[in-house]
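The values are calculated or read from the model by the stated rules, or taken from the named source; none is laboratory data. Bear in mind the structure is a predicted one, so any value in this text is a computation, not a measurement. Quick reminder, even Gly has a Cβ in these numbers, built from the backbone with ideal geometry, and neighbours come from all protein chains shown.
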Amino acid sequence: MMRFHVLTIFPGMFDSPLSLSIIARAQKQGLVEVNLHNIRDFTHDRHNTVDDYPFGGGPGMVMKPDPLFEGVEHVRESESLDENVPTVLMTPQGRQFNQRIAEDLSDLSDMVIICGRYEGVDERVRQNLVTDEISIGDYVLGGGELAAMVVIDAVARLIPGVVGSAESPANDSHTTGLLQHPLYTRPSVFRGMEAPDVLLSGHHAEITKWQRWEALRRTLERRPDMLESTELSPDDRRFLDELRDERERDD
Ligand code: 6GU
């Protein structure tokens, strides 16, 4: 069982993603728990203030340190978590999330996620509360909530039992290091467009070879950078060389 403890000023944003699909089933099965905590519950003033003007001036607002510290301390104490429990701040300044980070996080029993908002959070939160900072890519979102949901989804589906063995994450792009091969389903001829004969042949060795080669072809076309860090067999390399030769001839 893995437990995510999320601090956010918009807990409602998590409702439908968590109540539908794979994550909902995983929570019902007791494989995953997502506990939402409203940062405003850890304020003490009448207006439940979570942000303030930046010292020194500048645009936008800064998330105040006190509600974030109190919120994280509350979670750590009430859940009997070690003070070193991974505590991730979602921020566009973090290290860029990828499948390897998702795999590492999926080994944890608990993880605290702080969703940043406004222009950012007080630097003392980064320095003395947070153990890790994660971004989901080079673009700016209105807040860390959507990014946190991306991380929860990617991590949860790596927990054993969350995804059925048929759809095993072992075969996913970014686990194999290649993009997925093209997929077809019935009907075999749709509006005159045919599925490849080999997939209907029942010849398993041929099908596996076709799938591998089409994955290589697609990765070479779309994400050649991924081929640098992927394990390739001599057959794979020969096939890629042929593809590159073909391309040169076509140019
Ligand atoms: Cl984690 N937060 C925000 N606000 N924007 C982002 C992001 C996170 N990751 C990419 N863009």
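General remarks:
- Unmet criterion (only one of (1) touching a residue at least 60 places away in the same chain (Cβ under 8 Å); (2) β-branched (Val, Ile, Thr); (3) surrounded by fewer than 20 Cβ atoms within 10 Å (Cβ to Cβ)) for Thr49: (1)
- Looking across the stretch 141-172 at every residue that is more than 16 Å from the chain's Cα centre (by Cα) and either under 21 Å from Val85 (Cβ atoms) or not acidic (Asp, Glu) (or both), the one that is nearest to the ligand (Cβ to nearest atom) is identified as Gly142.
- Scope the stretch 105-118; condition surrounded by 13 or more Cβ atoms within 10 Å (Cβ to Cβ), more than 10 Å from the ligand (Cβ to nearest atom) and either of a type outside the set (A, V, I, L, M) or not assigned by TED's automatic domain parsing to the domain that holds Lys64 (or both); matching residues: Ser106, Asp110
- Per-region count, the stretch 72-130, residues hydroxyl-bearing (Ser, Thr, Tyr), under 22 Å from Phe14 (Cβ atoms) and assigned to a loop (DSSP other than H, G, I, E, B): 3
Yes/no matrix, rows are residues, columns are (1) more than 16 Å from the ligand (Cβ to nearest atom); (2) surrounded by 17 or more Cβ atoms within 10 Å (Cβ to Cβ):
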{"position": "Pro54", "(1), (2)": "yes, no"}
{"position": "Pro59", "(1), (2)": "no, no"}
{"position": "Val62", "(1), (2)": "no, yes"}
{"position": "Met90", "(1), (2)": "no, yes"}
{"position": "Gln93", "(1), (2)": "no, no"}
{"position": "Asn98", "(1), (2)": "no, no"}
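- When the stretch 141-172 is filtered for residues that are in contact (Cβ under 8 Å) with a residue 24 or more places away in the chain and over 15 Å from Ala26 (Cβ atoms), the ones remaining, listed by number, are Leu141, Gly142, Gly143, Gly144, Glu145, Leu146, Ala147, Ala148, Val150, Asp172.
- Residue match in the stretch 122-140 (condition: in the same structural domain as Asn84 (by TED's automatic domain parsing), of a type outside the set (A, V, I, L, M, F, W, C), away from the ligand (no atom under 14 Å from the Cβ) and touching a residue at least 60 places away in the same chain (Cβ under 8 Å)): yes
- Single match in Arg217, Arg186 (criterion: buried (at least 16 other Cβ atoms within 10 Å of the Cβ) and basic (Lys, Arg)): Arg217
- Pick from the stretch 70-80, criterion surrounded by 17 or more Cβ atoms within 10 Å (Cβ to Cβ) and either touching a helix residue (DSSP H, G or I) at 6+ places or on another chain (Cβ under 7 Å) or among the hydrophobic types (A, V, I, L, M, F, W, C) (or both), ranking: farthest from Leu108 (Cα to Cα): Gly71
- Residue under evaluation Glu83, criteria (1) surrounded by 12 or more Cβ atoms within 10 Å (Cβ to Cβ); (2) at pLDDT below 95, criterion not met: (1)
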